[in-house]
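Student: Sharing a structure here in structure tokens format.
None of the figures in this text is laboratory data; all of them are computed from the coordinates on show. Bear in mind the structure is a predicted one, so any value in this text is a computation, not a measurement. We place every Cβ from the backbone using ideal geometry, glycine too, and count neighbours over all the protein chains shown.
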Amino acid sequence: MEETIKIHVQNLDFFYGEFQALKKINIAVNTNKITALIGPSGCGKSTFLRVLNRMNDTIAGTRVEGQVLLDSADIYAPTVDVVDLRQKIGMVFQKPNPFPQSIYNNAAYGPRILGWKNVEEVVESSLEAVGLWDEVKDKLNSPALSLNPGQQQRLCIARTIAVKPEVILMDEPCSALDPIATLRVEELMRTLSADYTIVIVTHSMQQAARASDYTGFFWLGELVEFSDTNTIFTNPQHELTESYITGRRG
């Protein structure tokens, strides 16, 4: 089946005040695929991820130049409703951040805000989709914070998909999890990619190699190389990429 582009980034520059954090980024993110972003700390990966749903708008003095197209529509156009955009492009953060409310209220939050009628149905299907339903169906009114970290992160993913986004951004979603919980989330990502386009920032090259279809390597605010994951890890075209993935640099 021919792949289609979900997000197309063209000549993107990003600034924090006078500091240029991203330089001339060009990347095409394919629909229903998992794209991993790797590179050392401070190289611009997470900044780039936040560019994709305008999370950086909340930081004073930031500036974007270039284009970010979602299904060919510029997400930085003046007419774009940012709340609507973030419903389409959801985000899962580094540390599990469930609301200090019940498990049910976490999963129900988005559908209630949107005024949906079938909240109970959405809660169940969202929890089912992340493999949590059988674990929590008898304690939906228990505090979300009573769950273990891996369950909390899956609950946060359920909360994200409850509003039916098109894209899920994940900023190091497994960095606070143990190896077993990490593998659960990676398996979950693979399952979810049938319905969602996923972009993940990871410091784990093993995770990128295991879990993604495409990989982009960032270095000092530039996208050095972007290709299918197998090529990046077995036959990189840039010496810098090879030095990083073999541990000689970074």
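Student: Taking Cα pairs under 8 Å and at least six residues apart, what relative contact order does the stretch 128-250 come out at, in percent?
Tutor: Values: 110 pairs, mean separation 20.7, N = 123.
Here the relative contact order equals 17 percent.
Student: Further question: I need the trypsin sites (Lys or Arg not before Pro) found in the stretch 139-188, filtered to DSSP loop residues with at most 16 other beta carbons within 10 Å of theirs. Intermediate results must be reported in sequence, preceding the final value.
Tutor: On the way: sites: Lys139, Arg154, Arg159, Arg184; in loops: Lys139.
Here the trypsin sites (Lys or Arg not before Pro) that fit, given the DSSP loop and packing criteria, are Lys139.
Student: Could you point to the residue in Val185, Asn148, Leu169 farthest towards the positive end of the stretch 136-250's charge dipole, with +1 and -1 charges on the Cβ of Lys/Arg and Asp/Glu respectively?
Tutor: Result: Asn148.
Student: Below 12 angstrom from the Cβ of Arg86, what's the summed charge of the other residues (Lys, Arg +1; Asp, Glu -1)? Show your work: numbers first, answer last.
Tutor: Details: positive: Arg50, Arg54, Lys88; negative: Asp57, Asp81, Asp84, Glu166.
So the surrounding residues net to -1.
Student: Next question. For the pair His238 and Asp13, how long in nm is the line joining their label points, each one 7 Å along Cα→Cβ?
Tutor: Inter-label distance under the simple model: 1.9 nm.
Student: Between helix 149-161 and the chain, what is the angle of the helix's C-alpha long axis to the longest principal axis, kept within 0 to 90° and rounded to the nearest 10?
Tutor: 90 degrees
Student: While we're here: When only Cα pairs under 8 Å and 6 or more residues apart are kept, what is the percent relative contact order across the chain? Write out the running numbers ahead of the final one.
Tutor: On the way: 470 pairs, mean separation 67.8, N = 250.
Value for the chain: 27 percent.
Student: Looking at the chain only, what percent of DSSP beta bridges run antiparallel? Nearest 5 please. The partial results should precede the final answer.
Tutor: Values: 25 of 42 bridges.
The antiparallel proportion sits near 60 percent.
Student: Between 0 and 90 degrees, rounded to the nearest ten: what's the tilt of helix 119-129 against the longest Cα principal axis of the chain?
Tutor: For helix 119-129, the angle is close to 50 degrees.
Student: What dipole magnitude, in Debye to the nearest 20, does the chain give about its Cα centre under +1 on Lys/Arg Cβ and -1 on Asp/Glu Cβ?
Tutor: On the way: 23 positive and 30 negative charges, 106 e Å.
The calculation lands at about 500 debye.
Student: Output the peptides 235-244, 44-53, 201-210 sorted from most to least packed, where packing is the average of other Cβ atoms within 10 Å over each peptide's residues. Intermediate results must be reported in sequence, preceding the final value.
Tutor: Working: 235-244: 15.7, 44-53: 22.7, 201-210: 19.1.
Packing proxy ranking, top to bottom: 44-53, 201-210, 235-244.
Student: Note the angle between two axes, namely the Cα long axis of helix 103-113 and the longest principal axis of the Cα atoms of the chain, as a number of degrees from 0 to 90, rounded to the nearest 10.
Tutor: Helix 103-113 and the main axis of the chain meet at about 70 degrees.
Student: On to the next question. How much net charge surrounds Ser227 when only the other residues with a Cβ under 14 Å from the Cβ of Ser227 are counted, with Lys and Arg +1 and Asp and Glu -1? Could you put the intermediate results ahead of the total?
Tutor: Numbers: positive: Lys33; negative: Glu3, Asp213, Glu225, Asp228, Glu242.
Computed value for this residue: -4.
Student: Can you bin the stretch 1-99 into rounded, prolate or oblate? Criterion: square roots of the alpha carbon gyration tensor eigenvalues sorted a ≥ b ≥ c, rounded for a/c under 1.5, prolate for a/b above b/c, oblate for the rest.
Tutor: Details: a/c = 1.22, a/b = 1.16, b/c = 1.05.
Verdict is rounded for the stretch 1-99.
Student: Using 0.36 nm times the number of residues separating Gln94 and Arg63, minus their current alpha carbon distance, what extension gain do you get?
Tutor: 8.8 nm
Student: For the pair Gln206/Thr31, report the inter-label distance in nm, with labels modelled 7 Å from Cα in the Cβ direction.
Tutor: Modelled inter-label distance: 3.5 nm.
Student: Kindly rank 88-95, 187-194, 113-120 from highest to lowest mean number of other beta carbons found within 10 Å of each residue.
Tutor: Working: 88-95: 18.9, 187-194: 16.2, 113-120: 11.9.
Those peptides, ordered most packed to least, come out 88-95, 187-194, 113-120.
Student: Given the C-alpha centroids of the stretch 95-161 and the stretch 32-90, what is the distance between them in whole angstrom?
Tutor: 25 Å
Student: Same structure, new question: Take the Cβ-Cβ distance between Thr4 and Asn141 as r, set R0 to 45 Å, and report the resulting FRET efficiency rounded to the nearest 0.05. The partial results should precede the final answer.
Tutor: Numbers: r = 42 Å, r/R0 = 0.93.
Plugging the Cβ-Cβ distance into 1/(1 + (r/R0)^6) gives 0.60.
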